[in-house]
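J.: Following this message is one structure expressed as structure tokens.
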Amino acid sequence: MQQSMQPNMQPNMQSHLQSNRRPIGASISQSALQHNLAIVKKHAPHSKIMAVVKANGYGHGLINVAHGLNQADGFAVLGLNEAIDLREAGFSQVILLLEGVFSVQELGIAASLGLDIVVHSAAQIEMLEQTRLSKKINIHLKMNTGMNRLGFNASEFLAAFSRLKSCTNINKITLMTHFATADEPLGIAAPLALFQQTVEKLNLPEPLPSSLANSATILRHPQVHADWVRPGIILYGASPVTGTLARQFDLKPAMSFTSEIISIQTIQAGESLGYGNRFTASQTTRVGIVACGYADGYPRHAGQYLTDKNQLGAPIAVNGIMSQTLGRVSMDMLFCDVTHIAEAHIGSPVELWGNTVPVDTVAEASGTVCYELLCAIAARVPMQVVD
Ligand SMILES: *Cc1c(COP(=O)(O)O)cnc(C)c1O
């Protein structure tokens with residue numbers, strides 16, 4: 001520590017700094033999460049809801065989201081660490097590990113925490129057969145119906161089921177699959193038929209609960225809501241179907257990603273902006289420099305996938321007025337057009353996505369899906385929970 005810095009080293013320096021930081025932030029609306037959960041309930045009134053909160057609650061903060069979705073019947077996460085965080089925060093709902101356990105040790109912890117686990121592989125069956133658990137565990141037996149990612153093929157499913165049926169560590173079995181094209185014109189007819197035919201072959205005396213529907217399936221294929229639905233993206237108020245907007249389904253964005261204009265430049269016809277001169281003005285253009293870049297999670301490819309030739313960049317709002325990004329997004333900043341927003345000045349509020357700018361439209365202009373943008377919000381973006 002340099003001597004000359006001593007006078008500044010007050011104990012509260014960090015906390016003082018925190019109140020003066022860059023104007024960027026994400027706010028997470030509890031009422032929007034609750035509203036979206038109610039929409040899911042309206043669509044699937046007879047199903048239990050397993051709120052999918054993997055990837056840090058799709059970037060919204062696991063615990064923030066779990067509080068907002070506290071009325072859900074269960075939470076689905078990826079890793080044991082997330083399940084532990086939820087239990088430690090006091091959530092007593094069903095918690096499902098979507099890829100199941102990766103070791104016998106994890107299996108023991110999952111059982112003691114009362115978690116449900118997906119079983120998708122022979123290795124996981126062996127773990128269940130070779131241990132003695134302190135508490136029986138609920139499993140969600142996963143069938144591969146054409147996604148070809150996780151799960152037992154239809155031909156292996158019967159054998160997997162009978163092994164698990166006679167395994168003393170197991171309490172309830174739920175039958176599960178995940179559709180690859182629920183959001184596409186192709187739909188789910190073929191994988192659904194395969195699932196149903198395979199389940200029939202199990203010759204069950206009583207039907208077992210099943211879990212089939214992600215967000216797109218919930219909205220588009222009500223015939224397969226079944227016992228559990230597994231909504232993810234719609235709970236966050238974004239659309240699972242490319243080319244549609246969440247508001248068409250009466251969903252509300254849970255995240256509002258905002259910043260401010262920190263500089264304004266006026267450039268003349270022929271002058272360019274940013275790295276690689278990717279935007280050159282054809283007339284006098286007033287440009288707002290926004291404190292948000294790809295290191296904050298804003299897509300660097302924003303505006304490079306526009307279908308409308310009259311558009312120059314991704315949608316963005318300044319002072320609540322729609323505009324567009326210009327040029328290349330840099331690490332910490334981006335450019336937007338404020339030529340038509342006379343009142344724009346340094347300090348003007350900017351919405352990257354939220355209620356005015358649907359994240360779906362930013363994703364489309366960036367050649368990706370809303371899922372990727374939401375999950376990629378950087379840790380350096382301060383997050384606050386609002387009502
Ligand atoms: C992520 C995931 C979901 C949720 O998908 P959305 O499209 O976000 O609704 C559901 N089920 C499984 C198995 C998943 O991995």
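Coordinate-derived values only; no laboratory data. Worth saying up front: this structure is predicted, and the values here are computed from it rather than measured. Every residue, glycine as well, gets a Cβ built from its backbone with ideal geometry; the counts of neighbours run over all protein chains shown.
J.: Could you list Ser103, Ser272 so that the one with the fewest beta carbons within 10 Å of its beta carbon is first and the one with the most is last?
T.: Ser103, Ser272
J.: Among Ile218, Ile125, Ile24, which one shows the highest mean-square fluctuation when the chain is modelled as a Gaussian network with alpha-carbon springs under 10 Å?
T.: Of Ile218, Ile125, Ile24, the most mobile in the Gaussian network model is Ile125.
J.: Multiplying the sequence separation of Arg247 and Asn277 by 0.36 nm and subtracting their Cα-Cα distance, what value in nm do you get?
T.: Net length gain for the segment: 7.2 nm.
J.: Loop only per DSSP, at most 16 neighbouring Cβ atoms within 10 Å: give me the chymotrypsin sites (Phe, Trp or Tyr not before Pro) in region 250-332, ordered by residue number.
T.: The qualifying sites are Tyr305.
J.: What nm distance separates the two modelled labels at Asn355 and Tyr305, each placed 7 Å from Cα along Cα→Cβ?
T.: Taking the simple label geometry, Asn355 and Tyr305 are separated by 2.8 nm.
J.: Neighbouring Cβ atoms within 10 Å as the yardstick, rank Trp228, Trp353 fewest first.
T.: Trp228, Trp353
J.: If you take the square roots of the eigenvalues of the alpha-carbon gyration tensor of the chain and sort them as a ≥ b ≥ c, do you get rounded (a/c under 1.5), prolate (a/b over b/c) or oblate?
T.: prolate
J.: Given a Förster distance of 22 Å, report the FRET efficiency between Glu200 and Glu129 from their Cβ-Cβ distance, rounded to the nearest 0.05.
T.: That gives a FRET efficiency of 0.25.
J.: How many angstrom lie between the C-alpha centres of region 123-169 and region 305-349?
T.: Region 123-169 and region 305-349 have Cα centres separated by 51 Å.
J.: While we're here: Using the 10 angstrom Cβ neighbour count as an exposure proxy, how do Leu107, Leu306, Leu202 rank, fewest first?
T.: Arranged by neighbour count, lowest to highest, Leu107, Leu306, Leu202 become Leu202, Leu306, Leu107.
J.: Which loop-located chymotrypsin sites (Phe, Trp or Tyr not before Pro) does region 75-122 contain, where loop means any DSSP state but H, G, I, E or B and the Cβ has at most 14 other Cβ atoms within 10 Å?
T.: Phe102
J.: Peptides 141-149, 232-240: what's the order by average Cβ count within 10 Å, highest mean first?
T.: 232-240, 141-149
J.: Right, another one. For Arg22 paired with Ala342, estimate the spin-label separation in nm (one decimal), with each label point 7 Å from Cα along the Cα-to-Cβ line.
T.: 3.3
J.: Going by alpha carbons, how many degrees (0 to 90, nearest 10) lie between the helix axis of 189-201 and the longest principal axis of the chain?
T.: Helix 189-201 sits roughly 30 degrees off the main axis of the chain.
J.: Report the full-extension gain for the segment Ile109 to Ala159: residue separation times 0.36 nm, less the Cα-Cα distance, to one decimal in nm.
T.: Going from the current span to full extension adds 15.3 nm.
J.: Pull out a ≥ b ≥ c, the square roots of the eigenvalues of the alpha-carbon gyration tensor of region 30-238, then state rounded if a/c is under 1.5, prolate if not and a/b is larger than b/c, and oblate in the remaining case.
T.: Verdict is oblate for region 30-238.
J.: While we're on this one: Scan region 249-324 for trypsin sites (Lys or Arg not before Pro) in coil per DSSP, keeping those whose Cβ has at most 11 other Cβ atoms within 10 Å, and list them by number.
T.: Those that pass, being in a loop and sparsely packed, are Lys309.
J.: Classify region 170-328 as rounded, prolate or oblate, taking a ≥ b ≥ c as the square roots of the eigenvalues of its Cα gyration tensor: rounded when a/c is under 1.5, otherwise prolate if a/b is larger than b/c and oblate if not.
T.: In terms of gyration-tensor shape, prolate.
J.: Round to a whole angstrom and tell me the spacing of the C-alpha centers of region 242-266 and region 370-387.
T.: Taking the Cα centre of each part, region 242-266 and region 370-387 sit 12 Å apart.
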